[in-house]
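Student: Input: one structure, supplied below.
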Amino acid sequence: MKKYKQLFVGIIIGAILFNLIPSFATTVKQYIAYESPYPMYVNGKEVKLDKPILNYDGSTYIPLRATADILGVPVDFDGKIIKVGKENNNTTTSTNSQNIPTLKLGETYTLNNIEITVNQILYNQTDPHIVNKLFVIKGKIKNKSDKIQKIMGVAFLKTNTKDLKQELMIEDRPYLIQYSDNNYYFDPQEEKEFTIIGTQTTDNNFIITNVLIEILNQKINFVI
């Protein structure tokens with residue numbers, strides 16, 4: 001393993017190598033960390049980061065910005081606070097929840113020069129590297145603008161029974177929208193097929209009833 005000396009500024013919040021490095025007048029503490037030899041998997045697929053995953057004092061630290069981009073989670077730094085995820089605003093959430101468009105499987109929704117369609121849901125799929133069976137949601141996204149766009153998104157799923165939702169832990173879990181070329185940048189007028197993949201712990205009567213996709217700060221609810 002390679003030996004790294006890494007500067008950690010302020011509080012360690014569970015992620016290092018944050019891209020935005022501020023200037024502090026306070027004393028900078030110095031720590032010694034080591035590069036982790038283990039690969040990182042997201043939703044069953046290995047991902048490559050542009051900076052190393054490090055181990056310090058028995059804990060693993062991953063690059064915050066790169067990991068957040070993969071998961072479609074916003075990250076910001078205002079000079080004092082590192083912000084991960086959206087701020088909790090009850091008024092805004094209540095208003096936006098009433099304006100979520102609802103579509104059926106196979107219908108297309110257009111927003112900000114992007115077309116998105118959920119076409120198909122497959123159950124009991126297999127993968128040689130994964131023990132459990134998988135469900136796979138397929139669809140298409142098209143960049144209708146004349147500019148290159150970075151299009152990332154996540155999905156939140158609902159199933160036909162409450163017990164299954166609890167067992168599969170998918171009530172509040174975001175599932176990453178994945179492209180066949182693993183590239184989130186779309187050329188002008190480019191269309192790509194996407195998948196949303198998750199593991200099943202049981203085969204009995206497992207049905208996904210809703211696919212709530214959040215992309216470019218817009219939510220679209222696809223009802224099966």
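Student: Need the full-extension length gain, Glu115 to Glu191, defined as separation in residues times 0.36 nm minus the C-alpha distance. One decimal, nm.
Tutor: 26.5 nm
Student: Evaluate E = 1/(1 + (r/R0)^6) for Ile82 and Asn217, where r is the Cβ-Cβ distance and R0 equals 22 Å; express this FRET efficiency to the nearest 0.05.
Tutor: 0.65
Student: Round to the nearest 10 and report in Å² the accessible area of Thr126, as given by a 1.4 Å probe over the protein chains' heavy atoms.
Tutor: 120
Student: Let me ask something else. What do you get for Rg/Rh over the range 107-216 if you use C-alpha atoms and the Kirkwood form of Rh?
Tutor: 1.01
Student: Can you compute the FRET efficiency between Lys104 and Tyr34 using 1/(1 + (r/R0)^6), with r the Cβ-Cβ distance and R0 = 45 Å? Round to the nearest 0.05.
Tutor: Efficiency at R0 = 45 Å is approximately 0.30.
Student: To the nearest 0.05, how large is the calculated FRET efficiency for Asp181 and Tyr123 if R₀ is 25 Å and r is the Cβ-Cβ distance?
Tutor: 0.50
The values are calculated or read from the model by the stated rules, or taken from the named source; none is laboratory data. Everything numeric in this text was worked out from a predicted model, so none of it was measured. Glycine gets a Cβ as well: all are built from the backbone with ideal geometry, and neighbour counts include every protein chain shown. All accessible areas refer to the heavy atoms of the entire protein, side chains included, with ligands and DNA or RNA removed. Shrake-Rupley method; radii C 1.70, N 1.55, O 1.52, S 1.80 Å.
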